[in-house]
Structures are given as structure tokens and as C-alpha cells.
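Engineer: Below you will find the structure I want to go over with you.
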Amino acid sequence: MGYAINVALIKGDGIGVDVASAAIHVMEAALAKVGEPKPAYDNIQAGAGYYREAGRDIEVDGEKRAGDADAIFLGAIGLPSVRYADGTEVSPHLRLRDRFGLYAGVRPVKAYPNAPQRLADPRARAIDLVILRESTEGLFYSAAAHGRSLVVTDDEVQDVLRITRPTTTRLHHFAFGLAQKRKQRGKSGKLTCVDKANVFTSMAFFRKIFDEVRTGYPDIEVGYNYVDAQALDLVRKPWDFDVLVTENMFGDILSDLAGGLVGGMGMAACAEIGDSVGLFQPAHGSAPDIIGQDKANPLAAILSAGLMLDYLAEKLGNQRLADAAMLIDEAVDSGFAQNLLRPMEFGGDMGTIAVTEQVATLVEA
Ligand code: ATP
């Protein structure tokens, strides 16, 4: 039996609390199955509810403790009724992204049998791709929270799209590494650089660095697509793609489009990875409209816990953690295939608890 992994746990607000508990339950079942101990948790108070009570959005030493753990797991943060004094949303997790340089936003997009499919073409059943969204610069460099807009008058506003060599180099290495890993797991491992290099100097630079990094990975097939054509192709033939690497804003838009193709927010897992810290969370918010009703689909959180175990397997050099991650993926896949997973989000009869118990049972089988 190995050492227990240390997880910083921020359950947050609304359904974040329920889906984080669900993910922990399934993760512990998978770890037990491969002979690993339960993780040690550092519960960190943060979010809109905490802000309302404590007047701050995360515990005093919360950010540091989050960075000290082997990985951070987050449920969801934010409540429409609670705002900072300036009227913006409570969002301590955005500071975590900045503080720890979580540049690699990983969004898997996968079609499961019996889950909703929005495309009539039967090949849509084979959708299985990953969008890698750079998450610290690009057009979000100018996000309002950073106060960096160049000209702000009543007549003109400019936002900056910033691409830097260090971040882009790391991003592309991460993309090729991800493609290699997927290729080892029997997928095509083709990597597509999505940009607008025909129009923007910043995007030509993004592609230039892609081509430089590419020379180190002769085993990986590459492709190029302009972002507008990529939007078209994600509807016309998403089954043709495996890994897409792109700038922050393009990735923000394309990952929601792609997520919509395979169901909805309750399936959207997400990893945000930097050089030494990884944060894992479902891509959805706190869903205030369904709080406390056992209606939330916990699968995005559960699949995010799988991404976390996969990350930890590499970080800590422990293959059993990768095996546990695989167990979670397989349980979700076979659960849908056997029609044992019927989340209410898709019109089914199973609430958060029932879905969680079912996935745990499949993991243990
Ligand atoms: P944020 O800006 O924090 O992402 P949001 O208000 O844009 O939050 P969500 O909180 O994700 O979005 O909710 C959007 C819609 O999706 C809501 O109707 C919500 O009920 C639904 N939803 C989100 N997550 C789930 C889930 N896990 N299961 C079922 N429905 C969900």
C-alpha cells in the first residue's frame, strides 16, 4: 500500500458541495479497488457562502494550503445573490489559476451510449476528443478582473490578446504529451493547432511556436485549423479530431460548443494544470436553480476526480493511481452502455445520490 495522497478540497457553493462529495466517494472506491489508501484531505473554506459569513472569499491561508497539496479538487463557486462590494462575482478560484500558473485547461469531450446526442449522424457516437485551452493569457489577459484594458472611455475600449513564448511553449509541449498519452491508449493522438494565423500576428506566433515544438514529437500526426473552420468542423465531423490546442478565448467558446454536442454541463469534466499544481473541477457552476434537490448530475465531478488521479499517477510516479482513474472512466462508460446511469439532467430518474452509488458499485465490481 502506498502513501496517502494529499488533496486540498474546496467544496464551495450550491451543488458544488454535493458533486464534490460524490466525486470523493467514487474516488475512494476506485483507490480501495487498486489497493491504495484513502487520500488525506485539507478542507478549505472558500466561495460565496463563506464570503457572506466571513467577509473574505477564502480562508486566510487557504491559497497557500491549496498549493501545498498534491492536487486541488474544487466543487463549484459562486452564488448570484452574493457579490463583492464592486458588484462582481465571488471568484477566489480565478486567483488560484493566476497564482499557480494553471495554463493548461483540459476539457475532455466524449459521447457516452444512451446519453443525449445532438447530432443525427451515427458517427457522433464516436466523439472522443480533448480541447486544450490555454488558461492564463490570450484574450483573457485583459479580463476585467485584471484591470488591463488599454483605453477605457465612453468612446473606445481596447482589450489585448497576449501570447508569450514561455507559456505557449509549455502549452504545446503539454499538448504533444497529451497526444502521445492518448495514442498509447489506442486513440489516434492527432493534434490540431487551432488559431487564426492568417489574420493575427499573435496567432501566427502561436502557430510558429507549435511548429518549433512539433519537431520534438515526430510520432504525432498534426493538423491545423482556423478557429472559424474548427467551429464548423466540430458540428460537421467532430469524430475526426482527437486533441485540439488553442488560445484561451477560442478554447472557452469551442469547449462549450463541443460540450453541448455530447449532453450538457453535468458531463463537462475539467483539469487546470500548471508546472507544479493541478486543479480539478467540473466545468459547471453551483446551479442555484437546483440546489438541495438531489437533482445535480455528479458525473462531471466524478470524471474530474478521474483526471486528478491520472495527473497524480504521473506526478507521484504511481501506476496504481492511473489504474484507479481508468476504473472510473470504465464505470461511467459501462454504466451508460447498460443503461444503469440515467441522470435527471437528461430526463432520467436518478438523482445525485443514486448516480453516485451506481458508479461506485460499478467501480467495485
Ligand atoms: P458559472 O458561471 O459559475 O459557470 P452558471 O450560472 O453559468 O454558473 P451553472 O451553475 O453551471 O451555470 O448552471 C447552468 C445551468 O445548467 C443551470 O440550469 C443548472 O441547473 C444546469 N446545471 C449545471 N450543472 C449541472 C449538473 N451537474 N447537473 C444538472 N444540471 C446542471
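The values are calculated or read from the model by the stated rules, or taken from the named source; none is laboratory data. Everything numeric here is computed off the predicted structure, so don't read it as measured data. Note that each Cβ is placed from the backbone with ideal geometry, even for glycine, and that neighbours are counted across all protein chains shown.
Engineer: Only one residue in 79, 9, 96, 74 is among the hydrophobic types (A, V, I, L, M, F, W, C), in a helix (DSSP H, G or I) and in contact (Cβ under 8 Å) with a residue 24 or more places away in the chain. Which one?
Structural biologist: Of the residues listed, the single one that is among the hydrophobic types (A, V, I, L, M, F, W, C), in a helix (DSSP H, G or I) and in contact (Cβ under 8 Å) with a residue 24 or more places away in the chain is 96.
Engineer: Could you tell me whether region 101-110 includes any residue that is in contact with a Gly (Cβ under 9 Å, 6 or more places away or on another chain), over 18 Å from residue 276 (Cα atoms) and at pLDDT 95 or above?
Structural biologist: Scanning region 101-110 turns up at least one residue that is in contact with a Gly (Cβ under 9 Å, 6 or more places away or on another chain), over 18 Å from residue 276 (Cα atoms) and at pLDDT 95 or above.
Engineer: Here's something else I'd like to know. Keeping to region 131-155, report how many residues are of a type in the set (A, V, I, L, M, F, W, C), surrounded by fewer than 21 Cβ atoms within 10 Å (Cβ to Cβ) and part of a helix (DSSP H, G or I).
Structural biologist: Going through region 131-155 one residue at a time, the tally reaches 3.
Engineer: Please find, among 261, 257, the residue that is touching a strand residue (DSSP E or B) at 6+ places or on another chain (Cβ under 8 Å) and either within 16 Å of the ligand (Cβ to nearest atom) or closer than 18 Å to residue 108 by Cβ (or both).
Structural biologist: 261
Engineer: Among the residues in region 9-21, are any surrounded by fewer than 19 Cβ atoms within 10 Å (Cβ to Cβ) and of a type in the set (Lys, Arg)?
Structural biologist: There is no residue in region 9-21 that is surrounded by fewer than 19 Cβ atoms within 10 Å (Cβ to Cβ) and of a type in the set (Lys, Arg).
Engineer: Every residue in region 330-365 that is more than 16 Å from the ligand (Cβ to nearest atom) and more than 22 Å from residue 128 (Cβ to Cβ), please.
Structural biologist: Residues satisfying the conditions are 357, 360, 361, 364, 365.
Engineer: Can you tell me which residues in region 57-114 are of a type in the set (Phe, Trp, Tyr) and either in contact with a Leu (Cβ under 8 Å, 6 or more places away or on another chain) or not assigned by TED's automatic domain parsing to the domain that holds residue 23 (or both)?
Structural biologist: Matches in region 57-114: 73, 100, 103, 112.
Engineer: Identify the single condition in (1) charged (D, E, K, R); (2) more than 24 Å from the chain's Cα centre (by Cα); (3) modelled with pLDDT under 95 that residue 123 does not satisfy, given that it satisfies every other one.
Structural biologist: Exception for residue 123: condition (3).
Engineer: Filter region 197-211 down to residues that are closer than 15 Å to residue 168 by Cα and either crowded, with 18+ Cβ neighbours inside 10 Å or touching a residue at least 12 places away in the same chain (Cβ under 8 Å) (or both), then give me how many there are.
Structural biologist: So the count comes out to 8.
Engineer: Residue check, residue 90 against (1) of a type in the set (Val, Ile, Thr); (2) modelled with pLDDT of 95 or more; (3) surrounded by 20 or more Cβ atoms within 10 Å (Cβ to Cβ), all met but one. Which one?
Structural biologist: Tallying (1) of a type in the set (Val, Ile, Thr); (2) modelled with pLDDT of 95 or more; (3) surrounded by 20 or more Cβ atoms within 10 Å (Cβ to Cβ), residue 90 fails exactly one: (2).
Engineer: Condition first: surrounded by fewer than 20 Cβ atoms within 10 Å (Cβ to Cβ), more than 6 Å from the ligand (Cβ to nearest atom) and within 17 Å of residue 354 (Cβ to Cβ). Now tell me which residues in region 264-294 satisfy that.
Structural biologist: Result: 292, 293, 294.
Okay, residues lined up against (1) of a type in the set (Lys, Arg); (2) under 17 Å from residue 37 (Cα atoms):
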| position | (1), (2) |
| --- | --- |
| 306 | no, yes |
| 320 | yes, yes |
| 329 | no, no |
| 333 | no, no |
| 336 | no, no |
| 341 | no, no |
| 349 | no, no |
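Engineer: Could you check how many residues of region 93-130 are over 28 Å from residue 177 (Cβ atoms) and crowded, with 21+ Cβ neighbours inside 10 Å?
Structural biologist: Total meeting the criteria: 1.
Engineer: Within region 306-353, can you find the residues that are among the small types (Gly, Ala, Ser), buried (at least 17 other Cβ atoms within 10 Å of the Cβ) and in contact (Cβ under 8 Å) with a residue 24 or more places away in the chain?
Structural biologist: Once the filter is applied, which keeps residues that are among the small types (Gly, Ala, Ser), buried (at least 17 other Cβ atoms within 10 Å of the Cβ) and in contact (Cβ under 8 Å) with a residue 24 or more places away in the chain, region 306-353 yields 306, 324, 325, 331, 335, 351.
Engineer: Continuing with the same structure: Please specify each residue of region 238-289 satisfying the condition of being in the same structural domain as residue 201 (by TED's automatic domain parsing), part of a loop (DSSP other than H, G, I, E, B) and among the acidic types (Asp, Glu).
Structural biologist: 242, 247
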